[in-house]
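Nothing in this text is a laboratory measurement; each read-out follows from the coordinates by a stated rule. This is a predicted model, so every value here is computed, not measured. With ideal geometry, Cβ positions are generated from the backbone for all residues, glycine too; neighbour counts draw on all protein chains shown.
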Amino acid sequence: MSEAATDPIIRRVEVRNRAGLHARPATMLSLKAKEYDAEVELVLVEVPDNHHLEAGTRADAKNSIELISLGAPFGTALDIEASGADAQGAVQALAELFETCFGLEDD
Amino acid sequence: MSATEISQHCRAEHCLPALTGETKQEVISELIESLVASGAIDEEQAPELFGEILAREEEATTGIGKGIAMPHARRSEVVGETQIVVGLHAEGIDFEATDGAPVHVVFLIAAADPEEYLPIAARIAQIARDDVEMKALQRQTTAKRIHKFLAESWSSCGAS
């Protein structure tokens with residue numbers, strides 16, 4: 001019998017740093033996500049008017065370039081979705097980065 | 001930011017098909033030189049822009065992996081309007097990139113308004129995340145071709 005796929009762990013977060021999800025936060029997220037075996041994605045929950053991407057667009061959290069391509073400004077809601085043995089830990093670690101504004105003061 | 005808007009920030013004379021600098025600093029200077037040559041900034045402003053961009057680079061590399069770097073100033077005091085300069089480097093340069101790989105494509109962004117930086121970085125990353133597009137970009141051999149390629153790429157991807 002094949003192993004049943006488990007549901008992904010999902011947590012909603014918000015971009016809280018004023019400058020948005022630019023290169024540095026994206027790099028920090030990808031480096032953190034790479035510490036886990038789980039597959040982790042960020043999903044745009046909603047986008048501002050005239051945004052270049054639609055809500056529902058996904059990015060591999062381990063790929064900083066994909067994260068930057070989301071162009072998520074301040075206030076954007078995103079879902080962190082993770083699947084795999086250490087998915088819970090991965091979601092928690094990434095959510096903490098959002099909650100602490102990536103440790104970037106005046107950003 | 002629409003495809004048209006982003007293309008307006010990237011002029012053909014700011015597309016450099018063959019960078020020759022051998023270090024990160026030399027390449028950034030070379031990119032800034034094109035802004036001087038086109039009259040987008042004054043010659044005496046070049047050192048200031050160089051300083052703004054290097055200061056950001058010293059905080060953390062903008063070599064974001066896959067052979068791409070995005071040195072930038074998010075709130076440049078120098079440029080009247082936001083400028084994007086693109087350069088290709090055949091041999092590749094050490095940008096202390098996050099993945100350690102040499103950088104072959106450099107997008108320099110000097111943003112007059114920090115609000116413009118994020119959508120521009122996102123549109124550049126949209127091209128960068130696509131390996132086929134990146135390889136195609138690196139095959140463009142003239143400024144005009146790079147410029148045309150980017151304009152077409154931006155207008156074909158994304159919702160607006």
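Which residue, of B:18, B:37, is surrounded by fewer than 20 Cβ atoms within 10 Å (Cβ to Cβ), of a type outside the set (Val, Ile, Thr) and in contact with a helix residue (DSSP H, G or I) (Cβ under 8 Å, 6 or more places away or on another chain)? None of the other options fit; the residue is B:37. Give the residue that is surrounded by the most Cβ atoms within 10 Å (Cβ to Cβ), with candidates limited to residues of segment B:118-142 that are under 16 Å from residue B:8 (Cβ atoms) and touching a strand residue (DSSP E or B) at 6+ places or on another chain (Cβ under 6 Å). Out of the qualifying residues, it is B:124.
Considering only residues that are touching a residue at least 60 places away in the same chain (Cβ under 8 Å) and either outside any strand (DSSP E or B) or over 25 Å from residue B:154 (Cα atoms) (or both), which ones fall in segment B:57-107? Scanning segment B:57-107 gives B:66, B:67, B:81, B:82, B:93, B:94, B:95, B:96.
For segment B:42-73, a residue qualifies if it is touching a strand residue (DSSP E or B) at 6+ places or on another chain (Cβ under 8 Å) and away from chain A (no Cβ under 14 Å), and the qualifying residues are B:49, B:52. Restricting segment A:65-80 to residues that are of a type in the set (A, V, I, L, M) and in contact with a strand residue (DSSP E or B) (Cβ under 6 Å, 6 or more places away or on another chain) leaves a set whose member that is farthest from the other protein chains (Cβ to nearest Cβ) is A:80. Taking segment B:116-160 as the region of interest, how many residues are without any contact (Cβ under 8 Å) to a residue 40 or more places away in the chain and among the β-branched types (Val, Ile, Thr)? Of the residues in segment B:116-160, 2 are without any contact (Cβ under 8 Å) to a residue 40 or more places away in the chain and among the β-branched types (Val, Ile, Thr).
Of all the numbered requirements in (1) within 11 Å of chain A (Cβ to nearest Cβ); (2) surrounded by fewer than 20 Cβ atoms within 10 Å (Cβ to Cβ); (3) more than 19 Å from residue A:71 (Cβ to Cβ), residue B:115 misses one, and that requirement is (3). Within segment B:111-155, restricting attention to residues that are outside any helix (DSSP H, G or I) and touching a helix residue (DSSP H, G or I) at 6+ places or on another chain (Cβ under 6 Å), which residue is farthest from residue A:30 (Cα to Cα)? Among them, the one singled out is B:140.
Which one of these is over 18 Å from residue B:120 (Cβ atoms) and buried (at least 22 other Cβ atoms within 10 Å of the Cβ): A:77, A:90?
Within the list A:77, A:90, the selection yields A:90.
Residues that are more than 7 Å from chain B (Cβ to nearest Cβ), outside any loop (DSSP other than H, G, I, E, B) and crowded, with 19+ Cβ neighbours inside 10 Å within segment A:44-64 comprise A:44, A:59, listed in sequence order.
Residues that are part of a loop (DSSP other than H, G, I, E, B) and touching a helix residue (DSSP H, G or I) at 6+ places or on another chain (Cβ under 8 Å) were ranked within segment A:7-25; the one that is nearest to residue A:76 (Cα to Cα) is A:15. Does any residue of segment A:48-60 turn out to be free of Cβ contacts under 8 Å to residues at least 12 places away in the same chain and of a type in the set (A, V, I, L, M, F, W, C)? Yes - at least one qualifying residue is present in segment A:48-60.
Take the residues in segment B:82-98 that are in contact with a helix residue (DSSP H, G or I) (Cβ under 9 Å, 6 or more places away or on another chain) and acidic (Asp, Glu), then tell me which one is nearest to residue B:24 (Cα to Cα). Looking at the filtered set, the residue picked out is B:94.
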